[in-house]
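The values are calculated or read from the model by the stated rules, or taken from the named source; none is laboratory data. Since the model is a prediction, treat every value here as computed from it, not as a measurement. Here the Cβ positions follow ideal geometry from the backbone for every residue, glycine too, while neighbour counts run over all protein chains shown. Surface accessibility is based on the protein's heavy atoms, side chains included, excluding ligands, DNA and RNA. Shrake-Rupley method; radii C 1.70, N 1.55, O 1.52, S 1.80 Å.
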Amino acid sequence: MAAGFGKANDLFVAAVEAIYGAAAQPSNWARALEAVADVFGDVGANLIWRRDDGSLGIIVSPSLLFCAEEWNKWQDADIRAQRVHDRSIAAQFDAVTDRHLVTAQEVEAHPFYTQFLIPNGLGWLASAPVSPDPAVVVWISVQRAKAKASFSDEELEILARLARHAEQSLRLSVRLFDAELSKVGMGEALARLGIGVFALDSLKRVVFANPAAERVVGKGLDIANGRLCAAAKHETTALKCEIDRVIHATPEQVDGAPKPVLIHREEHDRPLALYVLPVTAHGLDPAAAQFLTHARAIVLVIDPQADSPADPAVVRDILGLTLGEARVAALVGFGLTPRAAAEQLGIAEETARVVLKRVFAKAGVSRQSELSALLTKLVLR
């Protein structure tokens, strides 16, 4: 969204600020989802996450609370949710809507529309997948009234950009959910996390590091004159630029899709993946706000497992894929057959093969061994 887009741009900026305001305070996600819905002038928004152990969670904006309990009774009949996993079309786009998943006849006649959505003043959906963790699949969806026009391609592109910011914020939030932040306080919660967390002040100096962050210091990442740096000069430059972008960003600069900074290490096959999040005290409870008083950015440091596929979000960013394509690419590049990848992702084998063909075309390779070599070169060493 270009600068100077008026009220629409202001709403986009407000939504991004609310999204990052929920990073360290997961209870703020309902408010952030309301801000996302406001960008489109729609009824509300929801966030659904599913872990690889099958557990499911949902957060809805306050404006959707009126029908949240009823949706629980209808979720097995949600034809859109069923098809978003089964159809290869969903892997072609960063965001999808009803026309990608159902027919016009089904919109007019299917019970999920006629008996649940329309009676509750709803009709159209725009939904974008994100991957804050390889073990967690998240869908962020905006709900629109049937009386309005369906979502345009431009609106889907806007949602996809918002979703990328949400992915960054959720990298911290999903882990704080597990750490029971409300019971133990911010400092203890961060100490429990399995990923590294550095808090930086306005001068980019490290003012806090949790134990996981301290463990990578001297092992690919260092602190010099109070600031984070890497062994390779170009990686230090890339990290500095990303930190500068986050700390000094103007409202007109929030539109860019955030990307990880990879820090390669001599003693490891896999690089560290660093994500830089802005910090805002707005909406934080007093204890969390006091803990982050001097922080202007948080650097998350993820140390990938050597015996697991590459992070699909990193594969997506490096190869220019959609998230659905990157999930298939990460598994096949790790050595799984298309059939095994399909089984793990819960999709049809033919769907996986169709998606893989698009991955090959985008990556400029023609076989699985070449994809594996490319991922090794770009995402590994």
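Contact annotation: residue pairs with Cβ atoms under 6 Å, 6 or more positions apart or on different chains, pairing a residue in the range 153-170 that is assigned by the TED database to the domain that holds Asp10 with a partner that is at pLDDT below 95 and open to solvent by 20 Å² or more (accessible area, probe 1.4 Å), are Ala160/Asp94; Arg164/Ala257; Ser169/Tyr20. For the subset of the range 139-152 comprising residues that are touching a residue at least 60 places away in the same chain (Cβ under 8 Å) and among the charged types (D, E, K, R), which member is surrounded by the fewest Cβ atoms within 10 Å (Cβ to Cβ)? Restricting to residues being touching a residue at least 60 places away in the same chain (Cβ under 8 Å) and among the charged types (D, E, K, R), the top hit is Lys148. Look at the range 15-33: where a residue is closer than 11 Å to Leu170 by Cα and polar (S, T, N, Q) and a partner is in a helix (DSSP H, G or I) and open to solvent by 10 Å² or more (accessible area, probe 1.4 Å), sitting 6+ places away or on another chain with Cβ atoms under 8 Å, you get Gln25/Leu181. Each residue in the range 305-339 was checked for being in contact with a Pro (Cβ under 8 Å, 6 or more places away or on another chain), closer than 19 Å to Gly364 by Cβ and polar (S, T, N, Q), and 0 of them qualify.
Against the condition part of a loop (DSSP other than H, G, I, E, B), of a type in the set (A, V, I, L, M, F, W, C) and modelled with pLDDT under 95, how does Ala313 come out, does it pass? Against the criterion (part of a loop (DSSP other than H, G, I, E, B), of a type in the set (A, V, I, L, M, F, W, C) and modelled with pLDDT under 95), Ala313 does not qualify.
One line per residue, one yes/no per condition, for (1) of a type in the set (Lys, Arg); (2) within 16 Å of Leu33 (Cα to Cα):
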{"position": "Lys146", "(1), (2)": "yes, no"}
{"position": "Ser150", "(1), (2)": "no, no"}
{"position": "Leu159", "(1), (2)": "no, yes"}
{"position": "Gln168", "(1), (2)": "no, yes"}
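Exactly one residue out of Val107, Val96, Val84 is among the β-branched types (Val, Ile, Thr), free of Cβ contacts under 8 Å to residues at least 24 places away in the same chain and in the same structural domain as Lys146 (by the TED database), and it is Val107. Scanning the range 123-160 for residues that are touching a Gly at 6+ places or on another chain (Cβ under 9 Å) and either closer than 25 Å to Trp49 by Cα or of a type in the set (Lys, Arg) (or both) yields Pro129, Val142, Gln143, Arg144, Ala145, Lys146, Lys148, Ser150.
Just so you know, in the range 259-285 the residues that are crowded, with 18+ Cβ neighbours inside 10 Å and over 22 Å from Asp311 (Cβ atoms) include one that is modelled with the lowest pLDDT, and it is Leu284.
Residue count for the range 359-381, restricted to those that are open to solvent by 30 Å² or more (accessible area, probe 1.4 Å) and touching a Pro at 6+ places or on another chain (Cβ under 9 Å): 3.
Checking each residue in the range 187-213 for being in contact with a strand residue (DSSP E or B) (Cβ under 8 Å, 6 or more places away or on another chain) and open to solvent by 70 Å² or more (accessible area, probe 1.4 Å) picks out Arg205, Val207. Checked against (1) assigned to a loop (DSSP other than H, G, I, E, B); (2) under 16 Å from the mean Cα position of the chain (by Cα); (3) modelled with pLDDT of 95 or more, Asp42 passes all but condition (2).
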